[in-house]
Amino acid sequence: MAGKLAPPVEPPRRFYKAVSTGQVADGIGIFLDGKPVRTPAGKPLAVPSPRLADMLATEWDAQATHIEMARMPATRLAFTAIDFVGEARDAVAAEIGRYAGADAVCYFADGPDLLIERQTRRWGPVIDWAELTLGVHFVRVTGIRHEEQPAVTLLRLARLAEEENDFGLAGLGHATALFGSAILAFALQRGQLDGQAALDLSRLDEMFQQERWGVDEEAAERAAAMQVEAVMLERWFAGLRPR
């Protein structure tokens, strides 16, 4: 006999009435009915700015009958920053550099002409911005063949990432993976692009194909989930910048 499927695990019920923020040793903490929230590793959930704290508090306050972490992207990213990034800064920064070695916006199609024109018009300026602002050089590749990016570029981007605090580094790592592009991650982090624009550039090829062949339900759901993350990241980076 086939084994029975385990019933889905119900998320924890909302047990608190009031959500607040307040100064703590490590920054600004989140409190539920006056008690501090802790990360999965048991550390205080504290962030470096009031705006980030407000983001997290809003997520906790928006929970209805149950606490659904899938609907709390900023809280999840804060958990990552506190529990993981602080102890793995070199690895996270190096991973951002590795993504840049095959950055999505450096790979241009060899056809059709309409897609080539769109990529050149949309991706070209953000690559130019990255080269000028970040002090790097990128090789623009045509077709699907892999071509190495300059090692000095990858090292430079990893070092720029490592200059950020744990929360900035966590945001850059998450954005780079989300977009498949360190260029877009840095452009979002530095306010050159907003979240929707960065996401649209990362999905330019996919959106071009959808214009021709239509959108299936699974792809639409995936794009919607990515949009939530991209918009969150826009607010995350804004919350880290000085006013």
* Every pair of residues 6+ apart whose Cβ atoms lie under 6 Å, when the first sits in segment 96-110 and is under 24 Å from D166 (Cβ atoms) and free of Cβ contacts under 8 Å to residues at least 24 places away in the same chain while the second is open to solvent by less than 30 Å² (accessible area, probe 1.4 Å) and in a helix (DSSP H, G or I) -> none
* Asked: Quick one: would you say G29 is of a type in the set (G, A, S), surrounded by fewer than 17 Cβ atoms within 10 Å (Cβ to Cβ) and not in a helix (DSSP H, G or I)?
  -> no
* Asked: So which residues in segment 161-179 are open to solvent by 10 Å² or more (accessible area, probe 1.4 Å) and more than 24 Å from A223 (Cα to Cα)?
  -> E162, E163, E164, N165, D166, F167
* Structure fact -> Contact list, first residue from segment 11-37 and of a type in the set (D, E), second anywhere and part of a loop (DSSP other than H, G, I, E, B), beta-carbon distance below 9 Å, six or more apart or interchain, is D26/K43; D26/P48; D33/F15; D33/Y16; D33/K17; D33/A18
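Let's see how each residue does on (1) in contact with a helix residue (DSSP H, G or I) (Cβ under 6 Å, 6 or more places away or on another chain); (2) open to solvent by 50 Å² or more (accessible area, probe 1.4 Å); (3) farther than 24 Å from G27 by Cβ:
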| position | (1), (2), (3) |
| --- | --- |
| V152 | no, yes, yes |
| S181 | yes, no, yes |
| L184 | yes, no, yes |
| D216 | no, yes, yes |
| M232 | yes, no, no |
* Asked: Considering A88, A78, A64, which residue is within 30 Å of R156 (Cα to Cα) and surrounded by fewer than 17 Cβ atoms within 10 Å (Cβ to Cβ)?
  -> A88
* Asked: Within segment 130-150, is even one residue more than 20 Å from R241 (Cβ to Cβ), in contact (Cβ under 8 Å) with a residue 40 or more places away in the chain and of a type in the set (A, V, I, L, M)?
  -> no
* Structure fact -> Residue pairs within 8 Å by beta carbon, gap of at least six or interchain, first lying in segment 194-219 and closer than 16 Å to A104 by Cα and in contact (Cβ under 8 Å) with a residue 12 or more places away in the chain, second among the aliphatic types (A, V, I, L, M) and open to solvent by 80 Å² or more (accessible area, probe 1.4 Å), listed first then second, are F208/L114
* To do: Being open to solvent by 30 Å² or more (accessible area, probe 1.4 Å) and within 24 Å of the chain's Cα centre (by Cα) is the filter here, so list the residues in segment 103-117 that pass it.
  => A104, Y107
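The values are calculated or read from the model by the stated rules, or taken from the named source; none is laboratory data. Remember, it's a predicted structure, so these values are computed and weren't measured experimentally. Because the Cβ atoms are built from the backbone with ideal geometry, glycine has one as well, and the counts that use them run over all protein chains shown. Side chains are part of the model used for accessible areas, which takes the heavy atoms of the whole protein and leaves out ligands, DNA and RNA. Shrake-Rupley method; radii C 1.70, N 1.55, O 1.52, S 1.80 Å.
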